[in-house]
Amino acid sequence: MNFEPIGFIRSPYTDKFGIPRQPGLVTAAEARLELLPPFAREEAFKGIDGFSHVWILFVFHQDCLHAGWHPTVRPPRLGGRETVGVFASRAPYRPNPIGISAVEHLGVERDTRGLALKLRGVDLLDGTPVLDIKPYVPYADALPQASSGFATPPRVTALPVAFSESARRDVELADPNGQRKLFELIAQILAQDPRPGYMDRYPERREFGIQLYDLNIRWCIDDREINVIGVDPVAA
Ligand code: SAM
């Protein structure tokens, strides 16, 4: 077997830290799936308009490709303290590092960059290679009666996300026309409290950074609020 990518994801997530654990959790995360030739042809997408969501099958290309695998993993959901079998998990480190995400589909567009599928609510790193696209079919794929083991819905913190004056100015400068939805994106990501599970009771207020596009978002958290301190260009 030798699978070739049909395209690559362009997403705001230029670093793994901060990417939500599953799709649909950060709806402001919009992405493009840029198709490669010979797949970049309109007829290959005929009929897709009728589907609001699609499955994206992709490769966990960053760090996982040659990392090997282990029969047990420590899901962040369990605070990294407990192990479960790799096949009972959605961990990126697996025998074949392939991921699946059901995401909102906003249409096919052709512009000077070529043919692309517009997506919303992704959990995919920028540059992710995509192996296949399939329509999401609710009558078969939506299983409301299913049980989900340890993978309970993530806790969204009740803490407000506040922007300092200078962070607010930085965001306005970085996203002058609001096209990147940077305010919403940052607020939705931080509301997921992206700290590793073992740190969620960290007593001290300390600074963290997440990277979105070419920006480093500096933030901190205490028991009252999440504060965005500053938004700076990533050092070259
Ligand atoms: N929805 C997919 C699945 O269930 O197969 C992915 C779930 S996995 C737990 C989500 C995490 O994968 C993200 O939080 C991010 O850290 C990581 N990730 C996303 N894209 C990646 C990539 N291209 N290479 C390596 N890790 C990636």
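Some points to look at:
- Taking Lys and Arg as +1 and Asp and Glu as -1, the other residues whose beta-carbon sits under 12 Å from that of R90 total +2.
- Charge tally in the Cβ shell below 11 Å around A167, where Lys, Arg are +1 and Asp, Glu are -1, A167 excluded: -1
- For peptides 154-161, 221-228, 55-62, sequence by mean Cβ density within 10 Å, most packed first: 55-62, 221-228, 154-161
- Taking a ≥ b ≥ c as the square roots of the Cα gyration tensor eigenvalues, the stretch 7-141 comes out prolate, since a/c reaches at least 1.5 and a/b is larger than b/c.
- Centroid-to-centroid separation of the stretch 210-227 and the stretch 76-116 [C-alpha atoms, Å]: 23 Å
- Cut-off 9 Å between beta-carbons: net charge of the residues surrounding T14, Lys and Arg +1, Asp and Glu -1: -3
- Selection of chymotrypsin sites (Phe, Trp or Tyr not before Pro), the stretch 74-175, meeting DSSP coil and at most 14 other Cβ within 10 Å: F150
- Here the 3J(HN,Hα) profile of the stretch 38-44, calculated from phi with Karplus coefficients 6.51, -1.76 and 1.60 at θ = phi - 60°, is x, 8, 7, 9, 3, 5, 6 Hz, Gly and Pro shown as x.
- Helix-only [θ]222 nm of the chain, DSSP H runs n ≥ 4, -39500 (n - 2.57) each, per residue, nearest 500: -2500 deg cm²/dmol
- Lysine pair count for the chain [Cα-Cα under 24 Å; pairs on different chains or 8 or more apart]: 6
- Shown in residue order for the stretch 155-171 are the 3J(HN,Hα) couplings computed by the Karplus curve 6.51 cos²θ - 1.76 cosθ + 1.60 at θ = phi - 60°: 6, 9, 5, 7, 6, x, 9, 10, 9, 5, 3, 6, 5, 4, 5, 4, 5 Hz (x for Gly and Pro).
- For Y136, the residues whose amide H sits under 5 Å from its own are H53, V54, W55, ignoring neighbours fewer than 5 places away on the same chain, with H placed 1.01 Å from N.
None of the figures in this text is laboratory data; all of them are computed from the coordinates on show. As the structure is a prediction and not an experimental result, all values here were calculated from the model. Glycine also receives a Cβ, built like all others from the backbone with ideal geometry; neighbour counts cover every protein chain displayed.
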